[in-house]
Amino acid sequence: MSSIMGDATSSFSASSSTSILSEKVQRALQIRTDTPAMKSALEALGQLSEGSTVPEDFALDARSVRHAIEYDALQQALLLRGELTTLCGSLHELREGISETAHIARQVKKAIHTNVIVQSSPSINDSMLPPSAADSGMDGGSMGGASQSHQQDEERLAASLAEAFTKRNLAQERLSAVHQFLETFDLSEEDSRLLDHYNFEDLDFSMIDGNPINGTAFLKALERVKEIRQALSKTFGHNGTGSLGDGMDLSNNRAGSSLGASSALRMMEHLAQKQEQAYERLYHWLQSQLQVFSSSQGSSKKKVSFDQEPTDDDDSDMDQALQHPFVQASLFTLRHVPAFYRHMLELIASRRRQEETRIFLLALTSGYNGLPPLERLAHDSVSYVGDMLAFAFRSLSTEADVAMTIVHYEKGERVSEQKDQEKFSGGNSLEDSAEEGKESDQQGTNDNYDYAEKAMSASEILSTSLSGMARPLKSRIVHVISNLANRVDAESDAESDDGMLDELEEEGSIVRNKLTNLYEICGLLLFYISAMEKTVRKLEKADEKKGLLSNESSEDNSNALLVNITTCLEEGSKAFEATVRVYSAMLGQLASSSSDSVAGMAKALVVRIAEVRRSSPGFAQDVHCPVEECEATLSTSWVATKLVEAALPECSGLDDTAALKSAVHAVKKAGMEIVAAERLDELIEKASVSIVGRLVETETAKVLDLCGLGKVVSAWKQWKYSHENDSSVLMAASPGLSAQEIETAMKAFYASLYSPPVPSLEGEVKDRKVRKTARTKIAINVCDSYGELYADIVDNEKGGYESTDFLGHTPTQVETLFSA
């Protein structure tokens, strides 16, 4: 068959165009004969026809190939059907066997647990008797006695079997309870070994991220002991009553009664002893690693000295230790012993207080961490105070992070711990477990270590750590403020606070510099107080959330550094207020010793205060002043009001009022209250009107003199004042008002009408509108004086002149000519 297939394939490939069979297959199937599907069909056909003879006239066509394929598929389906039928039969037999086995097992179980019926059985026959009894031909009585004896033996055997099975079941339950009890409440051998003998020998602080395997296991063992004791206390009660079955939810209370209170009490006593020793070793190890007793470290440790040259690693040992994850986890574990935990926190805070005080004094005198000493800028008050406050704020931020890390440390496996607590609590939810863990953090465990005292909060640690540097910082800031508040004496005129003023500088400028420096220092104090308060409030919120801070403790334990800086702010605001009052009272004296006016000196101080107010971050709108009196004193409204009210009575010209207006405008930009600014503008406007009125009167008299009417108008006013009610004295008979004198004056006045001598007032009045208004008022006053004089001369009862021909112009004509 294979030779035939080979001949056919070779004939297809040799001459595809001439092969009739190839053309028929292509037309019928419309596929190529050399495809894999066609080759598979030919192979199947070859396998079906193996061993059979092929006639010589056999030829391949599409119909024969299709028939071969269908025949093969039918044979395969028949074989599959036979196999499936066989499988179904096997499954049926298996099912019957399983059913019979289950039935037999139920019968055996029923027979085991069923008591033997104490009565003679009617089904006993000879086959059930012993052979000796059957052969000896016992009579009916002897057979009855033997039957009764066999029944008693069977009863005893059944009772023994029943009791044995009951004891077996009880033993199995007890064994399960013991396994569950030990799995839940017992320590492993490794944990027990670590609690008894671990001495922290595998720690390497050179690797900050490396946790020792044994150390971590030791801390986990301590946590497990704590959880076991809590679970035992909860399961068996604080008085030792209760049973194991109550806590483990067993179906038979007898299984746990024998393992109950006595086993739990023995286990709790054993665990308490291990826990006490382990916590004590951990406590002493933390003391040695954190070097909290700096005075007892021996000669191998560095001694604290302020005469040493400062280095970068002076305080790096404790910082490096506190940053180590294992130390943080150890402190977190030690919280379950409140006495040890609080004492350790107190020691850490006390040690850090020493370090921060030493570092601050070194930074002041010798410099720290490669920076120059702060006291190099002692001659510059603002820079000196600013650098000290910046250093204090950096220290506070660092200590706040340390306190937050120590007190509010959170493990990475907190969720798994909560799941373990849920397991020990007998199936409570995760929320209940978390709540129990929180209460455990706040109050300690319910064991012999649960004292009434609370652990230190993070805010208390921060306050203690910075209390050492608070006093030297306060003393230096108060000293700077007192120097700035002192009045410049005659002997120290050549010296200034910043050392930059020369000998010729007047006292007013020195006082303004000191006031400006005081105001800048108050702004710096406000800024850093606000920043420090934000940091402290974050710690207090975290403490309050954890239950470490109450309202009473928050009021009593205020941050020492914040309290001292707030006191400095109060001192600075009082010094600023007193200096401003003195400066306002001495404006006239200071102006006399300088080339500036009183208003100019007031303006100079107001403008400088406004500039400081705009540039200082401490006077921003989002910065809150902690003291109301300081806020009122440092406001621009108070400063501007004091200076403007003191300068207004001394204003002699419009330039002074313009200077005050400019000062108020500058203060408005700095955030002055609108009501206070409007009030000052009204006062300045009234003073300007009064000054302009006095100027107009003076200039009107000068213009009348220039026009020739000055003497006549003066004599006329004198006559009018003296003889206002006496009509017997006429003008013509009064001195200075004769007809000849008036005629001469009138001629000179009429001659000046072609070019009226009205002053320009450019030197006296800078404002163009005010200058124009003043010149108009001068012209109106001159015309009014001429009109009144003209009316009295023309009146015969007052003038008494024989002729008035010397009056060449009427008042209306004069007004027209003069105003032109």
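The values are calculated or read from the model by the stated rules, or taken from the named source; none is laboratory data. Note that the coordinates shown come from a computational prediction; the quantities given were computed from them, not determined experimentally. In this analysis, Cβ positions are derived from the backbone assuming ideal geometry, glycine residues included, and neighbour counts consider all displayed protein chains. Please note that ligands, DNA and RNA were not included when accessible areas were found on the heavy atoms of the full protein model with its side chains. Shrake-Rupley method; radii C 1.70, N 1.55, O 1.52, S 1.80 Å.
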- Note on the structure: With 0.36 nm assigned to each residue of separation and the Cα-Cα distance removed, residue 574 to residue 611 gains 11.2 nm
- Query: Accessible surface of residue 625 in the full protein assembly, 1.4 angstrom probe, to the nearest 10 Å²?
  - Reply: 10
- Under the Karplus relation 6.51 cos²θ - 1.76 cosθ + 1.60, θ = phi - 60°, what is the ordered set of whole-Hz ³J(HN,Hα) values for the stretch 395-405, x standing for Gly and Pro? 5, 5, 5, 5, 5, 5, 5, 5, 5, 5, 5
- Spin-label point model (7 Å from Cα, Cβ direction): what's the residue 733 to residue 383 distance in nm? 8.6
- Task: Pull out the extension gain between residue 541 and residue 90, defined as 0.36 nm times the separation in residues minus the alpha carbon to alpha carbon distance; nm, one decimal.
- Result: 154.8 nm
- Task: State whether the stretch 345-415 is rounded, prolate or oblate according to the following rule on the C-alpha gyration tensor (a ≥ b ≥ c being the square roots of its eigenvalues): a/c under 1.5 gives rounded; otherwise a/b larger than b/c gives prolate, and the remaining case gives oblate.
- Result: prolate
- Taking a threshold of 26 Å on the Cα-Cα distance, which of the pairs 514/686; 711/798; 474/534; 717/766; 717/747 fall above it? 514/686; 717/766
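For 358, 775, 281, give me the order by solvent-accessible area with a 1.4 Å probe, most accessible first, ignoring ligands, DNA and RNA.
Working: 358 10, 775 90, 281 55 Å².
The ordering from most to least exposed comes out as 775, 281, 358.
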- In nm, give the distance between the simple-model label positions of residue 100 and residue 585, each being 7 Å from the Cα along the Cα-to-Cβ direction. 12.7
- Query: Quick one: how many Å² of residue 770 are accessible to a 1.4 Å probe, rounded to 10?
  - Reply: 50
- Item | Sites residue 109 and residue 148 - FRET efficiency at Förster radius 35 Å, r taken between beta-carbons, to 0.05 | 0.80
- Roughly how many nanometres apart are two label points built 7 Å out from the Cα toward the Cβ at residue 158 and residue 410? 6.8
- Message: Please list 3J(HN,Hα) in residue order for the stretch 86-103, calculated via the Karplus relation 6.51 cos²θ - 1.76 cosθ + 1.60 where θ = phi - 60°; whole Hz, with x for glycine and proline.
- Response: 4, 5, 4, x, 4, 5, 5, 5, 5, 5, 5, x, 5, 4, 4, 4, 5, 5
- Task: Just read off the accessible area of residue 807 with the full protein assembly in place, 1.4 Å probe, to the nearest 10 Å².
- Result: 20
- Kindly sort 110, 546 by accessible area of their heavy atoms, largest first, with the probe set to 1.4 Å. 110, 546
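Can you give the relative contact order of the stretch 662-809 as a percent, counting alpha carbon pairs under 8 Å and 6+ residues apart? Can you show the working numbers first?
Values: 103 pairs, mean separation 40.4, N = 148.
Over the stretch 662-809, the number comes to 27 percent.
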- Query: If R0 is 51 Å, what FRET efficiency do you get for residue 751 and residue 665 from their C-beta distance, rounded to 0.05?
  - Reply: 0.65
- Per-pair calculated FRET efficiency, R0 = 35 Å: residue 805 and residue 766 via Cβ, rounded to 0.05: 0.15
